[in-house]
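Q: This is the structure I want to talk about, given as structure tokens.
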């Protein structure tokens, strides 16, 4: 890292900071510029000491040079990670299409949706049994009952089940039913939850927090990777900005940016990312064109009657149309949307 | 709420939506404008159904009229809540000054800081024993050992202890030592944690998430209030915006805005809100001028050697200076910074 | 619009506001809800009076129902506008590809770039002769000399010239050389400039300001349309958010959102929208997948030596690769990238 | 500046970049770290070449060390600039209070407001004669007629007149009547306008753009300073963020931040910064507590009938109350709100 001294820093302050850098076990390399002095600090240590150095006497700022994440970095593992799990393959030439209702509401809803997703060519099923809701007065999910309905829908269609876990104490229960654990945007920095999900050794779909930077997202992934679980999918689902015509702002440049920095696959959620069903299909296509390794969308038999997120859910017909367009996009990109392995016939 | 139909909505679509509103147990009141039709939906129900109505045929948008929170609302309880706990009083004419290190690091650090806070006129002590850290490689706190040091510092000075709880499974442990439970910004929407903190019946300091709206903050408070615990302090600690010269952007207009809408007291954190020690004192003064009921700041015996947040921590001397200015501000506003009740002499 | 009264509004305040609405020539329609009263104001008038009503006694807020723009609205003109100008066609089935250097720097640079753009299938040439620069110490453009070089490049290739005008007093000069006038993001609300550009009756490419809402963008377009000039292309070029890994955040959902609300074509600028040359091609593809009617990118013979924006400029080879991918995307979408009309052979 | 090479940069790429730095007339100082090589570039040149270096082979990023502004920098001129103009003094111990209507509407409105401002202790009069309006259908100002009314109000009260100029071609006209020229937020980067305002040698009040960084604001000031006009007041008026409960987000930490970096005085606009009259007074007090050198607010005889911005305008009574509180704040800070020089008695 680079310690930038203030213009008027005294020789004593500069010497003090050189000593501080050396006390941290780093090599100090001062450079005396025409207006300012900077001290390059060389060594294995990364960001940990940056903050304390910033409060040193005569210091203007400390500029980090190395990325703070390690295991997630493409510099460490150049080849792309492919996450495979039953019907789902995500990464490299494989694009996963994960679809289903926001909330599990009933057996009929779940089974009919699972069949529609399978029929249209989806490769995994989503559905929320534990729902983190902004308001304590809103529907909070069917909990274990919902997990059972998801398992039944998997039985029926062979599609693997992706579902959210909202608290570390639920992780074991959810992992008994689910194939892929989803960590929601609100919980991206719930570190106990990240650790408990990692320890199940099931693949984890980690959603970006609405105000998280790319470094924060990758460091959250690092909490999971650190448990020895390599199967992490990152998910861009939109950030909070001044734009109010969409629920969130979906910044697709995250996809190629992340591909440059990490070997982990990147999934895009255009349902939460836009918040309006009419914008979902164009943004699903755009995600694939930007290089996304997967798309996750909300589908409901009757969005108008959905207990949550109806306004951003696709009907079965709209989902079929979306899949047809997405396949064209994938073809044009030389990639494929296919069921990962032979699955039970319905 | 108001259901706004699209310009080209058909009479059938309008009739359909009128029926949908009535099925929800609300009274539908259509208004036929020169360009559009809107349907006012009247009744006790609030936001819950808004989302599903938005996906109805011919609907352009649904505009809520009522605030989604209830118990926190000043419309429900017009008089301001005063949270009192040992040495701390927050609300109405009382301004609480909460100070201490980011992390508990050692007995000497904690005791010396507690004495300095007391000496300068602080009314409560803060310090982190469980630290939620962005990177898994950063110092994660002293945990129970840290809680014991906080209790010892309380013993020494009589100042009540405010400390963060980061997971529902730790709440009982933390509540054994702490007087006030702090919920951090990353956990503002960790609903299990909110509920568990509420159930201790200790006062809760709830920090605003970096991308949370005012409604989301008040709904998070509602999760705590819903447990029957009325002692919630809201804390504005800055939001994430495009500004990079400060760590976060501290929007002090939140203070008078919240005072209009809720009876709960509002505390401001200028340390996290700015991220630079030189900006902390001006923003602490500004917070009080804006009407804040409390200020929470980071103080460290030697910020340069702090294990976390050194760059935004005040020295003892700087804190003394800040307290002197803040007292002048409080006086000018007709408010007071005083120890709530007689406390043990050191 | 809907005037929402406060919960405690008195009958006198409600009567006062009903009278105020009627004084504005609108029909007042009060609705007495269980908790609040709202007054629907019906009539031709739009937003103009909203602000003054908000300061009326007992008023909580005023909610607009109608969009504030008129001529740009798809409700007024349902069929999509196609802007045609020499080699360029933008809108409906036609996708325009506008490319060239950030700044015009020399004859050789301009001619070689124009040939490379033509060869790769670009449909218009861009280049800045008047440069609005953040710093007064940065290169400000070649001005009229640069315009002449652009005209020479058009002569050579037949590609129409798109160039920025930065001040109303330059509009006539720029219009003598340019085919399409570009209004930059910093000038989106420079109303004199918008009017002067409109009055030339040349097509105008209007870039979204970095903090502009969709309504503000459409109202800025309305300033141009109001001069009687129907040939306005909107350009999404990224907004300012907390993300710092890209220069701006490029929210492609603007494209389908705008297509729903306006008949004007929408162009995307992935060069400014991302600020890194490696992200330009994926985002150009994504823009077309999202339905964009055009793409504008920066191309330079030697980005490393460019006088401005080198870090986001494509080389000729990279541009050729981008065009090949974009054509595949356009094909998959059933749209076409072609030269609008027979042009002079080089 | 520091050129950071990618982890896998080859020795040839490193040599190439060292040569590029030297070709720019800078001294190259390579530092070979354990994971990456960085090249410090030492010399007088600042940011100009940063962008082109970033597109060099093997370059990860270029980190600037020096601020891009010069004349505005406190490093260049350590003592604070005090802008004095008739009744107004802004800077150091002097706090200026500028008040008046958003738009000049009539003689009676202007004269009565000017008297009320004077009576309450205001030190300058504001009022818009040329109004930049988001919608072409909104009231655009009384233009020269309005300027005459402002001059009449000055005649009546002795208060200097602050008014906005929106286009370079109007600058001479506006300067004939106004004492201080205001550049609005939308025009912060209208460089011709900045230059023309600077050339009048009248004091300029430069408002921060709603998405402008501090560096961009100071560089815009530099365009004015560069004309030889030293009398620039910076104005924080709020930025655009995800917060929708206020019109803009008012980040008061800008005040102490700017005071550290520049000698120019800083004024705060709590009317535009909040957009609600009930939030104006608390934020005016907070601005002074944060160290602001001035406050500019909207006052109107009857906000409900105002032609613009009524919802954020104070009544005369509210303004009197605000002034009383602000004087207390100024006293507590050891500063003063007084008329700069003896002015004509009304």
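Q: Across peptide D:30-36, how many C-beta atoms of other chains are within 10 Å of each residue C-beta, on average?
A: 6
Q: Moving on. Rounded to the nearest 10 degrees, what's the angle between the helix B:316-332 long axis and the longest principal axis of chain B, both from Cα atoms, 0 to 90?
A: The angle comes out at about 50 degrees.
Q: Sticking with this structure for a sec: Place the peptides D:5-14, B:220-229 in order of packing, highest mean first, counting for every residue the other Cβ atoms within 10 Å and averaging per peptide.
A: B:220-229, D:5-14
Q: Is there a simple number for the mean count of other chain Cβ atoms within 10 Å of the Cβ of residues in C:289-295, and what is it?
A: Per-residue shielding by partner chains comes out at 5.
Q: Mind listing the Cα extents of segment C:83-332 along all three principal axes, in Å, largest one first?
A: For segment C:83-332, the Cα spread along each principal axis is 41, 40, 36 Å.
Q: Given a cut-off of under 8 Å on Cα pairs at least six residues apart, what relative contact order in percent is computed for chain D?
A: It rounds to 18 percent for chain D.
Q: Select the chain A residue whose beta carbon lies nearest to the rotation axis carrying chain A onto chain B, and write the distance in whole Å.
A: That would be A:211, 2.
Q: Stokes-Einstein diffusion coefficient for segment D:2-63 at 25 °C in a medium of 0.890 mPa s, Rh from the Kirkwood formula over Cα pairs: what value in µm²/s?
A: 218 µm²/s
Q: If you don't mind, another one. In peptide A:189-196, how many Cβ atoms from other protein chains are near each Cβ within 10 Å, on average?
A: Average per residue, whole number: 6.
Q: If you take the beta carbon distance between residue C:173 and residue C:77 as r and set R0 to 45 Å, what does 1/(1 + (r/R0)^6) give as a FRET efficiency, to the nearest 0.05?
A: 0.90
Q: To one decimal in nm, how far is residue B:338 from the same spot in the other copies, if labels go 7 Å from Cα toward Cβ? Please give the shortest first.
A: Inter-copy label distances (nm, one decimal, shortest first): 3.5, 7.9, 8.6.
Q: If each label sits 7 angstrom from Cα along the C-beta direction, how far apart, in nm, is residue B:148 from its counterparts in the other copies?
A: Spelled out, the distances from residue B:148's label point are 4.7, 8.5, 8.5 nm.
Q: In degrees between 0 and 90, to the nearest 10, how far off the longest principal axis of chain A does helix A:214-225 point, with axes built from Cα atoms?
A: 70 degrees
Q: Counting alpha carbon pairs within less than 8 Å and at least 6 residues apart, what relative contact order, in whole percent, applies to segment C:2-63?
A: Dividing the mean separation by the residue count of segment C:2-63 yields 48 percent.
Q: Let me ask you something else. Assuming a viscosity of 0.692 mPa s and a temperature of 37 °C, what translational diffusion coefficient in µm² per second does Stokes-Einstein assign to segment C:51-104, Rh being the Kirkwood radius over Cα pairs?
A: 208 µm²/s
Q: Taking only Cα atoms of segment C:152-236, what ratio of Rg to Rh do you get with Rh as the Kirkwood inverse-distance radius?
A: Using Cα coordinates only, the ratio equals 0.98.
Q: Rounded to the nearest 5, what is the percent of antiparallel bridges among the DSSP beta bridges in chain D?
A: In chain D, DSSP labels about 40 percent of beta bridges as antiparallel.
Q: So for the protein assembly as shown: antiparallel DSSP bridges make up what percent, rounded to the nearest 5?
A: Bridges in the protein assembly as shown are about 40 percent antiparallel.
Q: Roughly speaking, what is the centre-to-centre gap between segment B:232-252 and segment C:248-275 when only Cα atoms are used, to the nearest Å?
A: So the separation of the two Cα centres works out to 29 Å.
Q: Summing -39500 (n - 2.57) over the DSSP H runs of n ≥ 4 in chain A and dividing by its residue number, what mean residue ellipticity at 222 nm do you reach, to the nearest 500 deg cm²/dmol?
A: Value at 222 nm, helices only, nearest 500: -10000 deg cm²/dmol.
Q: Using only Cα atoms, tell me the angle between helix B:277-289 and the longest principal axis of chain B; keep it within 0 to 90° and round to the nearest 10.
A: Compared with the principal axis, the helix lies near 60 degrees.
Q: Oh, and also: Hull surface divided by four, with the convex hull built on the Cα atoms of segment D:54-145: how many nm²?
A: Spelled out: convex hull of the Cα atoms, projected over all directions, averaged, 11.8 nm².
Q: Treating segment C:80-213 as a set of equal point scatterers at the Cα positions, no solvent, please give the Debye-formula log₁₀ I(q)/I(0) at q = 0.17 Å⁻¹.
A: Debye intensities relative to I(0), on a log10 scale: -0.90.
Q: A further question follows. Please report, for residue B:302, the nm distances (one decimal) from its label point, 7 Å out from Cα along the beta-carbon direction, to the equivalent points in the remaining copies, shortest first.
A: Those label-point separations list as 5.5, 6.9, 7.0 nm.
Q: In whole Å, what are the Cα extents of the protein assembly as shown along the three principal axes, biggest one first?
A: That works out to 75, 74, 72 Å along the principal axes.
Q: Calculate the length of the line joining the C-alpha centroid of segment D:85-160 to that of segment B:108-175, in whole Å.
A: The two parts, judged by their Cα centres, are 53 Å apart.
Q: Still on this structure, I have one more. Using a Gaussian network model of chain D with C-alpha springs under 10 Å, which one of D:21, D:255, D:160 is most mobile by mean-square fluctuation?
A: Looking only at D:21, D:255, D:160, the biggest GNM fluctuation is shown by D:21.
Rule-based calculations on the coordinates, nothing more; no lab input. Since this is a predicted model, take the numbers as computed values, not measurements. Don't worry about glycine lacking a Cβ; one is built from the backbone with ideal geometry, like all the others, and counts go over all protein chains shown.
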